[in-house]
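Let me begin by presenting the structure, written as structure tokens, before commenting on it.
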There are 4 protein chains.
Amino acid sequence: MVTTRTSGRGAADGAPVPDRLLAVATRLFAAQGFERTSVQEIVDAAGVTKGAMYHYFSSKDDLIREIYRRLLGLQTRSLERIADGPGTAAQRLREATADVVVSTLAHLDDGVVLMHSLHLLAPHIRAQVRAERRRYHERFRALVAEGQREGSVRADISPDLATHHFFGAVHHLGTWYRSDGALRPRQIGEGLAEMFLNGIAVQRP
Amino acid sequence: MVTTRTSGRGAADGAPVPDRLLAVATRLFAAQGFERTSVQEIVDAAGVTKGAMYHYFSSKDDLIREIYRRLLGLQTRSLERIADGPGTAAQRLREATADVVVSTLAHLDDGVVLMHSLHLLAPHIRAQVRAERRRYHERFRALVAEGQREGSVRADISPDLATHHFFGAVHHLGTWYRSDGALRPRQIGEGLAEMFLNGIAVQRP
Amino acid sequence: MVTTRTSGRGAADGAPVPDRLLAVATRLFAAQGFERTSVQEIVDAAGVTKGAMYHYFSSKDDLIREIYRRLLGLQTRSLERIADGPGTAAQRLREATADVVVSTLAHLDDGVVLMHSLHLLAPHIRAQVRAERRRYHERFRALVAEGQREGSVRADISPDLATHHFFGAVHHLGTWYRSDGALRPRQIGEGLAEMFLNGIAVQRP
Amino acid sequence: MVTTRTSGRGAADGAPVPDRLLAVATRLFAAQGFERTSVQEIVDAAGVTKGAMYHYFSSKDDLIREIYRRLLGLQTRSLERIADGPGTAAQRLREATADVVVSTLAHLDDGVVLMHSLHLLAPHIRAQVRAERRRYHERFRALVAEGQREGSVRADISPDLATHHFFGAVHHLGTWYRSDGALRPRQIGEGLAEMFLNGIAVQRP
DNA sequence: TATGAATGAGAATTCATTCAT
DNA sequence: TATGAATGAATTCTCATTCAT
């Protein structure tokens with residue numbers, strides 16, 4: 001249902017219509033919420049008509065589904081690249097945590113939309129998105145467990161709880177991060193990684 | 001605008017109408033979201049008419065505002081009781097983190113509602129709620145800073161970042177906690193407190 | 001249904017409750033219109049409760065009916081006093097026109113309310129008010145006709161049309177008169193009387 | 001917001017939807033008042049759905065605004081055509097007064113709507129309409145003043161007051177005129193013009 | 001006399017979606 | 001591919017009035 005050929009009638013900018021719609025929708029959903037944003041607003045901001053939107057997306061829900069799909073795909077690939085890479089579990093864990101934070105900050109709007117709108121979707125879509133997110137969390141949890149086996153992570157903590165602990169901080173970023181604030185994404189990533197890893201690390205005697 | 005006298009006309013149960021409305025609204029908002037829940041649904045579930053609701057609350061937003069007010073008041077008082085109590089900063093920090101988790105789990109619906117609906121409110125209400133939440137976070141941050149001064153908390157971490165780190169985990173609870181899951185609130189509270197405090201603690205040699 | 005005993009609980013000022021309600025209602029109806037003014041607003045402004053209002057007046061319509069009744073009674077008595085008094089028809093006509101203008105300006109709010117709200121009333125009430133107004137116009141028309149018989153008013157004009165002509169100007173006063181404007185009520189009364197009488201007078205050779 | 005293409009789907013009659021809505025709304029507003037007429041009634045009578053109405057008009061107020069706009073435009077053009085035409089001031093004044101009366105009677109419903117509903121509009125719209133009406137009155141006032149300069153109108157009357165005097169009679173027409181009454185519009189126009197002009201004219205010796 | 005909680009019917013408006021062109 | 005008029009159902013909120021106390 002989604003094509004990518006560049007629109008014939010060049011509107012706002014040169015990007016293909018579906019991409020423009022997604023970008024605009026992401027921005028508006030993040031700013032005002034999914035339900036507060038009308039299809040009319042989206043198409044106006046994207047410089048197209050409703051008919052055009054319904055040509056590319058089957059519904060308003062479909063828009064958000066696509067936003068989720070892209071975000072989760074991106075994050076999953078990034079995590080897997082690191083988690084399946086070289087190094088000790090502790091090293092990969094540190095690299096992954098910092099990377100997740102930085103990449104989340106780079107796509108903050110998408111994350112905010114997901115946080116605020118997931119519960120509004122039709123149940124079966126919601127289930128789909130949750131399943132994908134679970135796979136993602138699971139890969140992280142496995143890394144923690146690997147750390148326990150290699151002796152760098154405390155054996156007495158629950159890998160599940162540790163994963164929730166970390167992703168809580170990640171999902172919370174959208175609530176307080178300001179791009180004009182004192183801390184740079186890199187610093188935040190390293191700061192959170194340090195605290196998190198310290199929190200689950202075996203104490204060096 | 002809210003009185004507490006028990007309704008004269010026999011309604012669903014004995015609680016005063018405003019309380020009944022708030023309880024029902026909290027449950028529905030948490031389950032389906034604020035925007036997906038109609039005023040009609042709320043009053044039907046509470047066994048009153050729309051007119052009655054608008055007699056006590058000036059709008060649908062007013063309902064959610066009141067839910068927030070009660071929740072934040074509760075949490076603030078609880079945190080202050082502990083933070084201003086006896087013991088070293090490290091002891092109070094541990095007690096407070098575990099308590100926040102347990103009390104959040106005890107009012108999970110309210111927290112979920114706040115998380116999902118805050119961004120829908122009128123800007124000035126949102127600002128108000130955020131200000132109150134900021135005071136709350138600030139009290140926690142001060143406790144972390146106090147720990148740094150007494151030497152129990154690492155000097156190289158940012159108390160702000162640490163606070164966000166912890167409250168991220170707290171706000172995330174509603175996403176994964178199931179009352180029929182493996183972990184009891186107490187255990188979760190202690191597990192998170194352990195990880196968090198370990199993460200920011202000065203390493204004992 | 002309307003009593004006049006002074007209210008026991010002295011609210012806003014000392015006037016009896018029904019009078020206070022009528023005064024407040026007149027002011028509000030004139031300012032915002034009948035339908036835009038809620039019963040709640042009226043009772044709030046009068047410093048009483050809804051129950052009290054419904055004790056004295058059977059409905060919101062009843063309030064306006066009473067405003068009309070008082071205004072029309074006042075004007076009718078005033079007109080009759082002059083019309084039935086001494087002097088030539090021409091003298092009485094001049095006196096009456098000036099007096100109607102002055103008295104209309106003195107009760108401008110009531111007149112505005114009548115103008116804007118008459119068409120909203122239940123048909124039988126409307127018919128009642130119109131009948132009373134017709135009697136009032138009729139008395140004026142008779143005076144014009146008397147002028148024709150005594151030779152001071154042109155025979156070729158329609159007394160009906162002349163009456164409408166004059167009362168048009170009177171009803172229009174509320175649209176443009178400002179108490180802080182350049183002209184005093186007395187001057188307006190005399191100006192309008194002069195123009196009107198000149199317009200219908202037999203030309204003196 | 002208003003297009004004129006004839007509706008595709010077969011509706012009541014052939015006129016474009018916006019025109020049909022305005023015609024129907026004018027009739028209903030005049031008969032029952034603006035506030036007593038629901039949007040549902042209007043769209044039912046026009047044979048369209050509410051959605052269609054809101055496609056063309058942004059609100060119920062917008063309907064009335066458009067009715068005003070059309071009426072005032074019509075009357076202004078008509079008055080200017082005469083006032084700026086040939087002839088002495090006295091001649092143009094007579095022609096204008098008669099014409100205003102006849103044209104007002106030809107659009108009686110619109111005038112009644114304006115009289116009864118202007119005070120209900122949002123302040124800034126009201127101000128806009130009043131400004132336009134003021135320009136209209138001003139053109140008439142200028143004509144009276146011109147008559148004073150040419151010596152045909154008495155110097156001791158206020159052109160302002162004379163204008164209010166005349167437009168009072170005009171606005172009052174809707175209150176008493178019946179199309180099945182004894183007087184034809186032409187006769188009423190001439191009768192009122194005669195009285196008005198006589199009232200302000202310099203007496204011929 | 002007076003209170004004010006509660007009713008219940010109805011108001012305007014919004015909006016995702018469809019479909020003839 | 002794209003348009004935009006039209007649908008129709010749902011939504012929040014208002015308000016005159018009643019009635020147990």
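List of remarks:
- Across A:105, A:114, A:161, mean-square fluctuation computed from a Gaussian network of chain A (C-alpha pairs under 10 Å connected) peaks at A:161.
- The rotation axis that maps chain A onto chain D passes nearest to the beta carbon of this chain A residue, listed with its distance in whole angstrom: A:51, 4.
- According to the Kirkwood relation over distinct C-alpha pairs, the hydrodynamic radius of chain D is 18.7 Å.
- Phi-derived couplings, Karplus 6.51 cos²θ - 1.76 cosθ + 1.60 at θ = phi - 60°, listed residue by residue for segment C:128-136: 4, 5, 5, 4, 5, 5, 5, 4, 5 Hz, with x used for Gly and Pro.
- Pairs of Lys in the protein assembly as shown closer than 24 Å at Cα, counting only those 8 or more apart or on different chains: 8
- Peptide C:158-169 has a mean of 6 when you count, residue by residue, the C-beta atoms of other protein chains within 10 Å of its C-beta.
- Between copies, residue D:62 shows label-point distances of 2.8, 3.0, 4.2 nm, shortest first, with the point placed 7 angstrom from Cα along Cα to C-beta.
- With contacts taken as Cα pairs under 8 Å and at least 6 residues apart, chain C reaches a relative contact order of 22 percent.
- When the Cα atoms of the protein assembly as shown are aligned to their principal axes, the ranges along those axes come out at 128, 75, 47 Å in descending order.
- Relative contact order %, segment A:96-199, counting alpha carbon pairs below 8 Å whose residues are six or more apart: 51 percent
- Summing +1 for each Lys or Arg and -1 for each Asp or Glu among the other residues whose beta-carbon sits under 11 angstrom from that of residue C:174 gives -1.
- Net charge of neighbours whose Cβ lies under 13 Å from the Cβ of residue D:113, counting Lys and Arg as +1 and Asp and Glu as -1: +1
- Each residue of segment B:79-93 was assigned a 3J(HN,Hα) from its phi angle through the Karplus expression (A = 6.51, B = -1.76, C = 1.60, θ = phi - 60°), giving 5, 5, 4, 6, 4, 8, x, x, x, 6, 4, 4, 5, 5, 5 Hz with x at Gly and Pro.
- Other copies of residue B:50: label-to-label distances in nm, shortest first, labels 7 Å along the beta-carbon direction: 1.0, 1.6, 2.4
- Centroid-to-centroid separation of segment C:97-172 and segment B:76-105 [C-alpha atoms, Å]: 80 Å
- Applying the criteria of a DSSP loop state and at most 16 other Cβ atoms within 10 Å to the trypsin sites (Lys or Arg not before Pro) of segment D:112-205 yields D:178.
- Each copy carries a label point for residue B:95 at 7 Å from Cα toward Cβ; from one copy, the others' points are 4.4, 9.4, 9.7 nm away, ordered from shortest.
- ³J(HN,Hα) computed for each position of segment D:142-159 - Karplus, 6.51 cos²θ - 1.76 cosθ + 1.60, integer Hz, glycine/proline x: 4, 5, 5, 4, 4, x, 5, 5, 7, x, 8, 10, 3, 7, 8, 9, 8, x
- Scanning residues 5 or more positions from residue D:153 or on other chains, those with amide H under 5 Å from its amide H are D:148, D:202, with H placed 1.01 Å from N in the peptide plane.
- FRET efficiency for residue C:61 and residue D:179, using Cβ-Cβ distance with R0 set to 25 Å, rounded to 0.05: 0.25
- Mean sequence separation of contacting Cα pairs (under 8 Å, at least six apart), scaled by the length of segment B:17-58, corresponds to a relative contact order of 44 percent.
- Accessible area of residue D:163 (1.4 Å probe, protein heavy atoms only, ligands and nucleic acids ignored): about 0 Å².
- Taking all protein chains together, C:19, D:44 sort by accessible area into D:44, C:19, largest first [probe 1.4 Å].
The values are calculated or read from the model by the stated rules, or taken from the named source; none is laboratory data. Computed from a prediction, not measured in an experiment: that's the story for all the values here. Because the Cβ atoms are built from the backbone with ideal geometry, glycine has one as well, and the counts that use them run over all protein chains shown. Ligands, DNA and RNA are excluded from the accessible area calculation, which covers all protein heavy atoms including side chains. Shrake-Rupley method; radii C 1.70, N 1.55, O 1.52, S 1.80 Å.
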